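Only one structure is covered here, and it is reproduced in the block below.
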Amino acid sequence: RVYRPNDSMTRQEFVVSLIRFLHVDTAQYAATQLPFADSDKIASWALDSVRAAYAMGLMTVSGRDGQLYANPASTITRQEAMAIIGRTQPKGYQEADLSAFTDSAAVASWAQSYIASMVSRGIIAGNNGKLDPTGQVTRAQVAKMLYMLS
């Protein structure tokens, strides 16, 4: 296998990486029914991890036309990755003031508290004074975030 650290990650690749990092026994979630209209688009190698992430309340979904979508093959954004990782952590950590980052206004409201607590704990630090919340997260960046959790 090739690591390709500068490549972006899809939502399903990210979820598989996180679930493996957390040592989740995905067999416990085998019976979990996914509510996604695009569940058939989830790769077989990712299905168990997506079920676990959904059941654990980690995976966010988007809705349109009255249906929910997992968007498994879509590239995950930095704020999506940070929010999902943040959901794995206990509540109550101090939250950093994100205004130090020049693009803090671009952070979605649903991701702000997760990102602020991860900045406070040193799990993420931004780059050149920016968080780049809607940018693509690279494999290397995900590896660093997971490393900083351990």
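The values are calculated or read from the model by the stated rules, or taken from the named source; none is laboratory data. Everything numeric in this text was worked out from a predicted model, so none of it was measured. Cβ coordinates were reconstructed from backbone atoms using ideal geometry, including for glycine residues, and neighbour counts include every protein chain displayed. What goes into the accessible areas is simple: the full protein's heavy atoms, side chains included, and nothing from ligands, DNA or RNA. Shrake-Rupley method; radii C 1.70, N 1.55, O 1.52, S 1.80 Å.
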Margin query: Among the residues that make up the range 3-23, is at least one of them assigned to a helix (DSSP H, G or I), out of contact with any helix residue (DSSP H, G or I) (no Cβ under 8 Å at 6 or more places or on another chain) and of a type in the set (Ser, Thr, Tyr)?
Written below: no
Notebook entry, point to check: For the range 76-90, does any single residue satisfy the condition of being open to solvent by 60 Å² or more (accessible area, probe 1.4 Å) and at pLDDT below 95?
Noted result: yes
Next item on the list: Kindly indicate whether any position in the range 59-68 is of a type outside the set (A, V, I, L, M) and at pLDDT 90 or above.
Entry: no
Notebook entry, point to check: If a residue has to be within 18 Å of the chain's Cα centre (by Cα) and assigned to a helix (DSSP H, G or I) to count, how many in the range 24-38 make the cut?
Noted result: 1
Checklist line | Check on Lys144, open to solvent by 40 Å² or more (accessible area, probe 1.4 Å) and in contact with a Ser or Thr (Cβ under 8 Å, 6 or more places away or on another chain) | finding: no
Notebook entry, point to check: In the range 26-75, how many residues are of a type in the set (A, V, I, L, M), open to solvent by less than 50 Å² (accessible area, probe 1.4 Å) and without any contact (Cβ under 8 Å) to a residue 24 or more places away in the chain?
Noted result: 1
